[in-house]
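Colleague: I'd like to ask some things about the structure below.
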Amino acid sequence: MITQEMRERVAGWFAGRLPEEWQTAPPTVTIDREEITVRLTIPDVELSTGGDGPAGEAALAEARAGRAKAFREDTREQRMQIAREAEHRYETKVSWGVQVGDHAELWTHVAAPVMTRLRQPQRMVLDTLVEAGVARSRADALAWCVRLVGQHEGDWLEELRGAMASVADVRDRGPAA
């Protein structure tokens, strides 16, 4: 289990290791058993073209995508070096992402296989999503379902994670500690 202390240590290491010019806001560091994901917030784009209509919004979206692409290319070598150091230190793969305004991207993140046993009603849900063209495969359909739950139950999941962290703290202070 990933402890809160471990999350804080990894986030602290990245906050200290990342160049200051990459940190317009503290990096968001997410950890699970397979991967550490570091999401950086970089300065937003300001367009002088004016206009609030669809053309202005489309231009801003493309400018943000361009800024994210430029950041990815310009920082690739340094990010790879930092990732190698972190992978050696924490024995976990490192993935990167960026946030520019409301545009977010993740790069080269891990797609880890997860074994599960599903009964026929659950398999039928996945097969329906595949047959309807929502997903290419059962694996994609399952990932789609998990993303959907994550979007709609985010507050509940955060509360659950907090409760699990409290249980881990109590366990650490127990009689065997």
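The values are calculated or read from the model by the stated rules, or taken from the named source; none is laboratory data. Nothing here was measured: the structure is a model prediction, and the numbers come from that model. FYI the Cβ positions are ideal-geometry reconstructions off the backbone, even for glycines, and counts take in every protein chain you see. Side chains included, ligands, DNA and RNA excluded: accessible areas come from the protein's heavy atoms. Shrake-Rupley method; radii C 1.70, N 1.55, O 1.52, S 1.80 Å.
Colleague: (1) in contact with a Pro (Cβ under 6 Å, 6 or more places away or on another chain); (2) open to solvent by 80 Å² or more (accessible area, probe 1.4 Å); (3) not small (Gly, Ala, Ser): which one isn't true of ARG39, the others all being true?
Modeller: (1)
Colleague: Quick check on this structure: which one of ALA65, ALA83, ALA104 is of a type in the set (A, V, I, L, M), touching a residue at least 60 places away in the same chain (Cβ under 8 Å) and closer than 30 Å to VAL45 by Cβ?
Modeller: Criteria check complete, one pass: ALA104.
Colleague: Related question: VAL149 versus (1) within 30 Å of GLU5 (Cα to Cα); (2) of a type in the set (A, V, I, L, M, F, W, C); (3) surrounded by 14 or more Cβ atoms within 10 Å (Cβ to Cβ): which is the lone unmet condition?
Modeller: Among (1) within 30 Å of GLU5 (Cα to Cα); (2) of a type in the set (A, V, I, L, M, F, W, C); (3) surrounded by 14 or more Cβ atoms within 10 Å (Cβ to Cβ), the lone unmet condition for VAL149 is (3).
Colleague: Pairs please, first residue from the range 25-39 and within 18 Å of GLU105 (Cβ to Cβ), second anywhere and assigned to a loop (DSSP other than H, G, I, E, B) and open to solvent by less than 70 Å² (accessible area, probe 1.4 Å), Cβ atoms under 8 Å, 6+ apart in sequence or on different chains.
Modeller: From residues that are within 18 Å of GLU105 (Cβ to Cβ), the pairs are PRO27/LEU18; GLU35/THR92; GLU35/VAL110; GLU35/ALA112; ILE36/THR92; VAL38/LEU18; VAL38/PRO27; ARG39/PRO27.
Colleague: Considering only residues that are closer than 20 Å to ASP102 by Cα and in a strand (DSSP E or B), look in the range 30-45 and name the one that is modelled with the lowest pLDDT.
Modeller: Step by step, filter the range 30-45, then rank; the result is THR30.
Colleague: Got at least one residue in the range 142-152 being within 20 Å of ALA11 (Cβ to Cβ), touching a residue at least 24 places away in the same chain (Cβ under 8 Å) and not charged (D, E, K, R)?
Modeller: no
Colleague: Of the residues ARG72, ARG79, ARG67, ARG84, only one is part of a helix (DSSP H, G or I) and open to solvent by less than 30 Å² (accessible area, probe 1.4 Å); which?
Modeller: Testing whether each residue is part of a helix (DSSP H, G or I) and open to solvent by less than 30 Å² (accessible area, probe 1.4 Å) leaves just ARG79.
Colleague: Output the number of residues of the range 92-125 satisfying the condition of being farther than 22 Å from ALA58 by Cα, part of a loop (DSSP other than H, G, I, E, B) and open to solvent by less than 50 Å² (accessible area, probe 1.4 Å).
Modeller: 2
Colleague: Within the range 11-29, is even one residue assigned to a helix (DSSP H, G or I), surrounded by fewer than 17 Cβ atoms within 10 Å (Cβ to Cβ), in contact with a Leu (Cβ under 9 Å, 6 or more places away or on another chain) and not charged (D, E, K, R)?
Modeller: no
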